[in-house]
Amino acid sequence: MAFFLETLIGGLMAGMLYSLVALGFVLIFKASGVFNFAQGAMVLFAALAMARFSEWIPKWTGIENMLVANLAAFVIAGAIMFVCAWLIEKLVLRHLVNQEGATLLMATLGITYFMEGLGQTLFGSDIYKIDVGMPKDPVFLFESVFQGGVLVNKEDVIAAAIAAVLVVLLSLFFQKTGTGRALRAVADDHQAAQSIGIPLNRIWVIVWCVAGVVALVAGMIWGSKLGVQFSLTTVALRALPVVILGGLTSVPGAIIGGLIIGVGEKLSEVYLGPFVGGGIEIWFAYVLALAFLLFRPQGLFGEKIIDRV
């Protein structure tokens, strides 16, 4: 039972991190109705900015306190993501208002390659680390209930908690604020939203800024766990099944989908892997997403895409 709980908790914590990346896809889709292929590049770019500035700030200022250096690097990286969001809206999206979804999709592909190249030019292409002081030692829980306790990684617990807090804040933002309601209106119909006075350009800047912050937090967490390298863009691929399962238009769907994918990967690898030679964790999420595309293409909580056209 203790081993099952270890696997289950590990899956839930991995699922929260998947949900965090998936939120970036959902945010952009809700605002523009297009799938944002640039989300992985945004995670990488934000992580590179934080990693490099956390190195440069102590050298430039003489600050030895890593907490202060990391906080300053986070703020600077966040400001850079805000500037990127403003430039994306001003130079790209503003000229594509009311265009077909395929046009916006191709625009996000162009943004992807541009941000990857710009990140390499500005920050280098080596492997960098982000050390935010999260403890990496495991801890045993429920020792009084199970013999030997349940082994849990402290870093995973803290990362999952950070992701959960951000997810809750974003959910409240969409449901309780006027800006959040405006975002939903823009997602439903650009022209109708403009006709009632909703400033489409400002809404797009806001949502790309929020997506940039989400990418920064995701990049910080994944960079702390795996190191900041250009393969970090593939983290977004891990989130694709999450948004398909939960629904492209649903923030709660991204959360539930991430938890289902995370738990499903871990449990299937542990309990079914030995019978099929292992490796289930690599493809489980994509097979599950494919099944949903065949039988419920809008996902668990999403609305039918045909209704949005």
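Count neighbours as other Cβ atoms within 10 Å of each site's Cβ, and list the GluC sites (Glu not before Pro) in the range 1-92 that are DSSP loop with at most 12 such neighbours.
Answer in residue order: GLU64.
Under 11 Å from the Cβ of ARG238, count the other residues' Cβ atoms, weight Lys and Arg +1, Asp and Glu -1, and hand me the total.
-2
Per the helix-only calculation at 222 nm, which mean residue ellipticity applies to the chain, given -39500 (n - 2.57) for every DSSP H run of n ≥ 4 and division by its residues, nearest 500 deg cm²/dmol?
-24500 deg cm²/dmol
Under 22 Å between alpha carbons: how many lysine pairs meet that in the chain, if sequence neighbours fewer than 8 apart on the same chain are excluded?
12
When you count, for each residue, the other Cβ atoms within 10 Å and take the mean per peptide, how do 40-49, 213-222, 174-183 rank with the highest first?
In decreasing order of mean packing, 40-49, 213-222, 174-183 become 40-49, 213-222, 174-183.
Can you run phi through the Karplus equation (6.51, -1.76, 1.60; θ = phi - 60°) for the range 255-266 and list ³J(HN,Hα) in whole Hz, with x for Gly and Pro?
So the Karplus estimates, Gly and Pro as x, are 5, 5, x, x, 5, 5, 5, x, 5, x, 4, 5 Hz.
Per residue of the range 62-70, what does 6.51 cos²θ - 1.76 cosθ + 1.60 with θ = phi - 60° give for ³J(HN,Hα)? Whole Hz please, x for Gly and Pro, Karplus curve as stated.
Each residue's phi maps through the Karplus curve to give x, 5, 9, 6, 5, 4, 5, 5, 5 Hz.
Of the heavy-atom accessible surface of the range 64-201 (probe 1.4 angstrom), what whole percent is carbon and sulfur?
It is 64 percent, rounded to a whole number.
Which shape class, rounded, prolate or oblate, goes with the range 136-277 when its Cα gyration tensor gives a ≥ b ≥ c as root eigenvalues, a/c under 1.5 marks rounded, and past that a/b bigger than b/c marks prolate?
Cα axes put the range 136-277 in the prolate bin.
Distance between Cα centroids, the range 99-148 to the range 17-75: provide it in whole Å.
A separation of 8 Å, based on Cα centres.
May I ask you to give the solvent-accessible area per residue for the chain, in square angstrom, as obtained with a 1.4 angstrom probe?
Ligands and nucleic acids excluded, the figure is 47 Å² per residue.
Would you grab the residues whose amide H sits under 5 Å from the one on VAL228? Only those 5+ places off in sequence or on another chain, please, with H modelled 1.01 Å from N.
HN-HN under 5 Å from VAL228: TYR128, LYS129, ILE130.
Would you be so kind as to identify which of ALA182, ILE261, LEU232 lies farthest towards the positive end of the dipole of the range 147-271, taking Lys and Arg as +1 and Asp and Glu as -1 on Cβ and the Cα centre as origin?
Towards the positive end, the residue furthest out is ALA182.
Using the Karplus curve 6.51 cos²θ - 1.76 cosθ + 1.60 with θ = phi - 60°, work out ³J(HN,Hα) for each residue of the range 283-289 in order, rounded to whole Hz, and write x for Gly and Pro.
So the J values, rounded to whole Hz, are 10, 3, 4, 6, 5, 4, 5.
The values are calculated or read from the model by the stated rules, or taken from the named source; none is laboratory data. All values derive from a computational prediction rather than experimental measurement. Cβ: placed from backbone, ideal geometry, glycine included. Neighbour counts: every protein chain shown. Areas reflect the complete protein model, heavy atoms only, side chains present, ligands, DNA and RNA absent. Shrake-Rupley method; radii C 1.70, N 1.55, O 1.52, S 1.80 Å.
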